[in-house]
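Worksheet for the structure shown next.
Here, each number is a calculation from the coordinates, and none is a lab measurement. Bear in mind the structure is a predicted one, so any value in this text is a computation, not a measurement. When we count neighbours, we look across all protein chains shown, and the Cβ atoms used for this are built from the backbone with ideal geometry, even at glycine.
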């Protein structure tokens, strides 16, 4: 059964000490013009951002620890480490017994082996989820193993491995990674992602495991692109307001019009639409823990969870 939903942003600075942010910011933004607000982020402001991020993750860890899930179904996008441009599936479920990746980045000159995370997976649950989603008329793809692309020593996306470790540091809860295409056109619409979440909730209702649905990605950012450093805080707050009011279906319209504004991190709000769809299907609204506009991290940062009625702690 599905008993808890969790959504958290991901960006390379988020799980690093603030002393590393200037180097990472330069890599993400380069020479792109930066908003004037960046000038106001003094060292004291950056330290506050770091403490707020720590507090946000701590609250999500408390929610997960209280629920005591048997498995995590994790929605994440691929950053080019798993799929090539030859074939990018819209939805793909990982079926292997283990998945690994580095939290380091070659673009920063970091060595992959400096921090490798191995996640144990739940292949039997993954197979069930995939088969049932097909019966719900979603054309699923799957992979039992993966051959990392580009720099293969870096493995699976850092958002997956670093994000899961930040939420469950003991790495004792098996995961079912589901990759959702957000960055390669054509990507699934927001309406399709919301419906995907609703179908996923129905599928998990037939399982005995206590499952938490986790999404790692977004909110607004535009790294390595012309709008790098730009944060659409109006859109971020609109999204957070809608999920807090139980109106996540409104996120379906985000991608109805093609615009530069819906690329980059905004494209990853498809993941938030999916987890909102799943949890709203079970009658719950999101609790928004915090929202941080961190120009020094070049990212809008959000933390939210959906407590599902009747899913009491184990």
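Estimated from helices alone, the mean residue ellipticity of the chain at 222 nm is -10000 deg cm²/dmol (sum of -39500 (n - 2.57) over DSSP H runs with n ≥ 4, per residue).
Taking the longest Cα principal axis of the chain as reference, the axis of helix 233-244 is set at about 20 degrees.
Using only Cα atoms, what is the ratio of the radius of gyration of the range 73-133 to 2.2 N^0.38 Å? The range 73-133 yields a ratio of 1.32. Can you tell me the orientation of helix 190-204 relative to the chain, as the angle in degrees between its alpha-carbon axis and the longest Cα principal axis, to the nearest 10? Roughly 40 degrees, rounded to the nearest 10. Work out, in µm²/s and without decimals, the Stokes-Einstein translational diffusion coefficient of the range 126-215 at 10 °C, 1.306 mPa s, Rh from Kirkwood over C-alpha pairs. Estimated via Stokes-Einstein, D reaches 105 µm²/s.
Taking neighbour counts of Cβ atoms within 10 Å as a proxy for exposure, in what order, fewest first, do 230, 238 appear?
Values: 230 23, 238 13.
In order of increasing Cβ crowding within 10 Å: 238, 230.
In terms of packing, defined here as the mean over residues of other Cβ atoms within 10 angstrom, the peptides 85-98, 272-285, 192-205 line up highest first as 272-285, 192-205, 85-98. Within the set (i) 6, 29, 38, 22, 4, 0; (ii) 5, 20, 25, 21, 16, 9, 3, 1, 0; (iii) 6, 22, 23, 18, 14, 10, 6, 2, 0, the number that P(r) over Cα pairs in 10 Å bins from 0, in percent takes when calculated for this structure is listed as (i).
Beta bridges assigned by DSSP with both partners in the chain are antiparallel in approximately 50 percent of cases.
Put in line by how crowded their Cβ is, counting other Cβ atoms within 10 Å and starting with the fewest, 10, 57 read 57, 10. The C-alpha atoms of the chain define a longest principal axis, and helix 43-67 lies at about 10 degrees to it.
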